[in-house]
Amino acid sequence: MTDKKLSGEVYYPSDEIVKNANVKNWDEVNNYALENYEGFWEDRANELSWFKKWDKVLDDSKKPFYKWFVGAKTNIAYNCLDAHVKTFRRNKLALIWEGEDGTKSNMSYYALHRETCRFANILKSLGVGKGDRVTIYMGRIPEIVTAMLACARIGAIHSVVYGGFSVEALHERLEDSQSKVLIVADGAYQRGKIVRLKDIADEALRRAATVEHVLVVKRTGHEINMESGRDMWYHELMNLPIADHGCAIEEMDAEDPLFMLYTSGTTGKPKAILHTHGGYMVGTYATLKYVFDIKEEDRYWCAADPGWITGHSYIVYGPLLNGTTSFIYEGAPNFPYPNRWWQMIERYGINLFYTAPTAIRGLMRWGNAWVNRHNLSSLRLLGSVGEPINPEAWKWYYEVVGNSKCPIMDTWWQTETGMFMITPMPCVPLKPGSGTRPFPGIEMDVVNEEGESVKPNEEGFLIIKTPWPAMVRTIYNDDDRYVDQYWGKFEGVYLTGDSAKKDEDGYFWVIGRVDDVIKVSGYRLGTAEIESALVSHDAVAEAAAIGMPHDVKGNVIYTYVILRSGIAPSDKLREELKKHVGHEVGPIAKPERIEFVDSLPKTRSGKIMRRVLKAKALGVDPGNISTLEE
Ligand code: WTA
């Protein structure tokens, strides 16, 4: 721990926390990693199993197409399962699961390995092999984990689509990934209701052509359509001899793709971020171990959804690589009552708890009594991710949930980074609202338009200067867009798309997105997706979407719509358009407000100036509008 007195409001870790932490002296680790960056990551990689070790840790000869652990052979699924099954962890719980309806199930590492192998054999029998894309569309049930690991095991590339997305979002992702197989659940429980996932998938499949087989996992058991020759029940196939326990693991090159995950960026369709078996494995393993201070006896709960990067890295891969016991809960935090989460933390004795500011603010609104009814003394560490956490929510989380004894790991990272990038560790002094400093060895900065470092506490573009093992390798099928979007603005550095400040202690304060991405309740959406959903409605000629600040959700979506000539604006149409966006993209993308307008502010080249719309909605000065059309 640093002896220097830090500025502002600082929460110093107790001696007890420092004494028991995996990393006791952050500066020492950081200094080592700065001096010996490749060696630092090589040490982490050496803690995992490889079929063949690397010839080179980092190859930067084709920047920005960096390669990590060049020449090595591994499989992330081996390190998640096979490696543990050979040790005492064979009988340790890998997953504890609770359904929203109260259904419970557990799986040991042995069982998870077995179920994954059986699932992998089913996929193989459907002709899925190395490099094939498989789309997964389910709620938070154990099968989403086995499906992902089964793909990894046989070298197939999984593309998980969040269960809260809807028809067009799923269609677009199926089409772009050219998936052969879709794994879907019949439905998902959410706030006491059934989300009819298979119906949504049927509609998406009518728009997409490449899917040959649909594997259907039974969760809700309601009546669904099963198309003969295309759709098969997972549980029926699991009863056949093909679903055998034995399944050879594919030896993957460290740089072979593990998964693609669609995310929103600047303009246009969502893009598929590609991650690999080797670097991603080392990155997620090491960051979770250091930051969440994983202990053998811990029970860890990341309350995100496996359909987003947080779930990929820190529900599925990171925890399993560390041999941790993870808890997964299917449903809503306030169902049937606002104490559901706290009840489960108490029941399962959760030690490490990781969620998003929006959830914290939502639960905070229900009042302390719901939390105080439960004994949460098992908690040792808390985490936050997805958007900036306001100091008020931070303090509530710290004092009421953590009983003023659990450090909060405010982790800044992205789908593209794959792993935590700006993050404290338990031994690091905290400032509410700051993720503190970059992970050891990683150099980041805040710069101005010219790419020069700004002064302390001045706002600028957040950039990353060092390559890191879990970094995005490319955008699937679009190398040019990868180079353009992330490496195009400043020579040789990665552009995050966020604005931030760095204070006099070197602590980073992330402010938010400066591109066309809107974070709604921590979910990442693009203005383009919402706009194209609106325009796909017969009544709409043009549309613009912006993010507006909101107390609980962080941001909500405001839209401006020009109707086709002859169509009259009405409240009924407004409701219909909201529903339409929900049906096409998903309920999370529903605009909070739709305003009918006659024109939109545009540049002379025809680009919508969302900045001007936002300024108007906020009632502030729009700044420089010299490029405005008229
Ligand atoms: C935002 C989520 C402030 C940020 C893991 C980033 C955060 C975007 C934080 C990536 C945090 C994530 N503090 N902002 N701790 N964590 N963000 O790809 O704007 O869904 O660029 O990955 O979330 O969102 P994504």
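The values are calculated or read from the model by the stated rules, or taken from the named source; none is laboratory data. As the structure is a computational prediction, the values presented were derived from the model and not from experiment. Cβ placement follows ideal geometry from the backbone for every residue including glycine, while neighbour counts extend to all protein chains displayed.
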Mind telling me which of the residues TRP396, TRP412 ends up being surrounded by fewer than 20 Cβ atoms within 10 Å (Cβ to Cβ) and aromatic (Phe, Trp, Tyr)? TRP396
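Against the condition outside any helix (DSSP H, G or I) and crowded, with 18+ Cβ neighbours inside 10 Å, how does VAL561 come out, does it pass?
On the way: outside any helix (DSSP H, G or I): yes; crowded, with 18+ Cβ neighbours inside 10 Å: yes.
So VAL561 passes the test.
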For region 94-119, how many residues are part of a helix (DSSP H, G or I) and of a type outside the set (Asp, Glu)? 10
Among the residues of region 426-470, write down those that are out of contact with any strand residue (DSSP E or B) (no Cβ under 8 Å at 6 or more places or on another chain) and under 28 Å from LEU381 (Cα atoms). CYS427, PRO440, GLY441, TRP468
Mind telling me which of the residues VAL128, VAL161, VAL167 ends up being touching a helix residue (DSSP H, G or I) at 6+ places or on another chain (Cβ under 6 Å), farther than 19 Å from GLU227 by Cα and at pLDDT 95 or above? VAL161
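Table: residues versus (1) of a type in the set (Phe, Trp, Tyr); (2) in contact (Cβ under 8 Å) with a residue 60 or more places away in the chain; (3) more than 15 Å from the ligand (Cβ to nearest atom); (4) under 21 Å from VAL291 (Cα atoms).
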| position | (1), (2), (3), (4) |
| --- | --- |
| SER378 | no, yes, yes, yes |
| VAL385 | no, yes, no, yes |
| ALA393 | no, no, no, yes |
| TRP412 | yes, yes, no, yes |
| THR415 | no, yes, no, yes |
| PHE420 | yes, yes, no, yes |
| PRO432 | no, yes, no, yes |
| GLY441 | no, yes, yes, yes |
What's the number of the condition ASN239 fails, among (1) of a type outside the set (Val, Ile, Thr); (2) surrounded by fewer than 13 Cβ atoms within 10 Å (Cβ to Cβ); (3) within 22 Å of GLY129 (Cα to Cα); (4) in contact (Cβ under 8 Å) with a residue 24 or more places away in the chain? (4)
Tally, over region 488-506, of residues that are in contact with a Pro (Cβ under 9 Å, 6 or more places away or on another chain) and in a loop (DSSP other than H, G, I, E, B): 5
The conditions are (1) within 16 Å of the ligand (Cβ to nearest atom); (2) β-branched (Val, Ile, Thr); (3) out of contact with any Lys or Arg (no Cβ under 7 Å at 6 or more places or on another chain); (4) farther than 23 Å from GLY102 by Cβ, and THR355 fails exactly one of them. Which is it? (4)
Going through region 525-540 one residue at a time, which ones are surrounded by fewer than 22 Cβ atoms within 10 Å (Cβ to Cβ) and of a type in the set (D, E, K, R)? ASP538
Test VAL446 against the criterion of being in contact with a Leu (Cβ under 8 Å, 6 or more places away or on another chain), more than 20 Å from ALA500 (Cα to Cα), buried (at least 23 other Cβ atoms within 10 Å of the Cβ) and not charged (D, E, K, R), and give yes or no. no
Name the helices (runs of 4 or more DSSP H) wholly inside region 1-74 in which the number of residues that are of a type outside the set (Lys, Arg), more than 25 Å from ASP503 (Cα to Cα) and over 28 Å from the mean Cα position of the chain (by Cα) is 3 or more. 15-20
Within region 382-441, restricting attention to residues that are hydrophobic (A, V, I, L, M, F, W, C), more than 20 Å from the chain's Cα centre (by Cα) and not in a loop (DSSP other than H, G, I, E, B), which residue is farthest from PHE353 (Cα to Cα)? LEU430
Which numbered condition THR310 fails, given (1) within 12 Å of the ligand (Cβ to nearest atom); (2) hydroxyl-bearing (Ser, Thr, Tyr); (3) touching a helix residue (DSSP H, G or I) at 6+ places or on another chain (Cβ under 6 Å): (3)
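Conditions tested, residue by residue: (1) of a type in the set (D, E, K, R); (2) farther than 18 Å from THR267 by Cβ; (3) within 16 Å of the ligand (Cβ to nearest atom); (4) in contact with a Phe, Trp or Tyr (Cβ under 7 Å, 6 or more places away or on another chain).
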residue	(1), (2), (3), (4)
GLY451	no, yes, no, yes
ASN457	no, yes, no, no
PHE490	no, yes, no, no
THR496	no, no, yes, no
Could you please give the count of residues in region 122-173 that are touching a Gly at 6+ places or on another chain (Cβ under 8 Å) and of a type in the set (S, T, N, Q)? 1
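For region 583-606, give me each residue that is surrounded by 13 or more Cβ atoms within 10 Å (Cβ to Cβ) and of a type outside the set (A, V, I, L, M, F, W, C). Let's see the steps before the verdict.
Residues of region 583-606 surrounded by 13 or more Cβ atoms within 10 Å (Cβ to Cβ): 583-597, 600-603.
Passing the criteria: HIS583, GLU584, GLY586, PRO587, LYS590, PRO591, GLU592, ARG593, GLU595, PRO601, LYS602, THR603.
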Quick check: anything in region 516-538 in a loop (DSSP other than H, G, I, E, B), in contact with a Ser or Thr (Cβ under 7 Å, 6 or more places away or on another chain), within 15 Å of the ligand (Cβ to nearest atom) and hydrophobic (A, V, I, L, M, F, W, C)? no
Residues to consider are ILE546, ILE511; find the one that is of a type in the set (A, V, I, L, M, F, W, C), under 17 Å from GLY582 (Cα atoms) and not in a loop (DSSP other than H, G, I, E, B). ILE546
